[in-house]
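Contents: one structure, followed by commentary.
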Amino acid sequence: MIRLTDVDESNWMEVVQLSVSEAQRRFLAPPIGIIARGYVYRDCNARVIGICNDAEMVGVALVRDFIDEPVGYDLQQFMIDERFQNRGYGTAALELILAQLKAEARFDHVEVCVKKDDAAALHVYEKTGFADSGYVDESLPDCVNLICYLR
């Protein structure tokens with residue numbers, strides 16, 4: 001069963017062992033980079049979230065507050081280890097993350113920036129309620145900004 005856990009001193013080494021395929025590496029930071037971003041964005045309430053299947057670490061995500069207008073949650077990174085992909089773990093984990101954020105109710109939406117050619121990620125996000133926000137970041141022309149409303 002998929003569950004979420006905080007990444008801390010007891011499990012961070014499991015997280016850094018996670019990896020994705022060579023083809024997927026250009027889409028996201030390595031796990032140690034995700035943990036580092038959690039530290040860098042600590043003033044933005046960043047949370048590095050471990051994704052477990054029962055007791056086994058299978059993925060990691062980073063969520064932070066986006067404090068510039070429009071304020072909301074920013075899903076900075078989301079990955080499932082290549083050994084555990086195509087089992088529904090990503091969809092299940094993303095649904096759990098969205099449920100947690102909805103329960104917090106500090107913001108009404110979550111945004112994520114995804115490379116336009118990352119078909120697998122786009123599929124999971126769209127499957128869990130994300131849609132194109134229409135926002136275009138000129139500094140990231142190869143990305144699409146997706147939004148999910150937490151109502």
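A few remarks follow.
- Segment 43-151: chymotrypsin sites (Phe, Trp or Tyr not before Pro) falling in loop per DSSP and having at most 15 other Cβ within 10 Å: Tyr135
- Distance (nanometres) between label positions extended 7 Å along Cα→Cβ at Arg151 and Arg87: 3.6 nm
- Cα-projected label distance for His123 with Asp43, points at 7 Å along beta-carbon direction, nm: 4.1 nm
- In order along segment 42-52, the Karplus-derived 3J(HN,Hα) couplings, from 6.51 cos²θ - 1.76 cosθ + 1.60 at θ = phi - 60°, round to 4, 6, 9, 6, 5, 10, 8, 10, x, 10, 10 Hz, and Gly and Pro are given as x.
- Around the amide H of Phe130, modelled in the peptide plane, lies no amide H under 5 Å away from a residue 5 or more places distant or on another chain.
- Segment 62-146: trypsin sites (Lys or Arg not before Pro) in DSSP loop, at most 15 other beta carbons within 10 Å: Arg87, Arg106, Lys116
- If R0 is taken as 30 Å, the Cβ-Cβ distance between Asp108 and Met13 corresponds to a FRET efficiency of 0.25.
- Intensity falloff of the chain expressed as log10 I(q)/I(0), Debye formula with alpha-carbon point scatterers, at q = 0.11, 0.16, 0.21 Å⁻¹: -0.38, -0.86, -1.59
- Mean residue ellipticity (222 nm) of the chain, computed from DSSP H runs ≥ 4 via -39,500 (n - 2.57), nearest 500: -8000 deg cm²/dmol
- Contact order relative to length of segment 2-149, as percent, for alpha carbon pairs under 8 angstrom and 6 or more apart: 20 percent
The numbers here are math on the coordinates, done by the rules we state, and not lab data. Predicted model only: the values in this text are computed from it and were never measured. All Cβ positions, glycine included, derive from the backbone under ideal geometry; neighbour counts span all protein chains shown.
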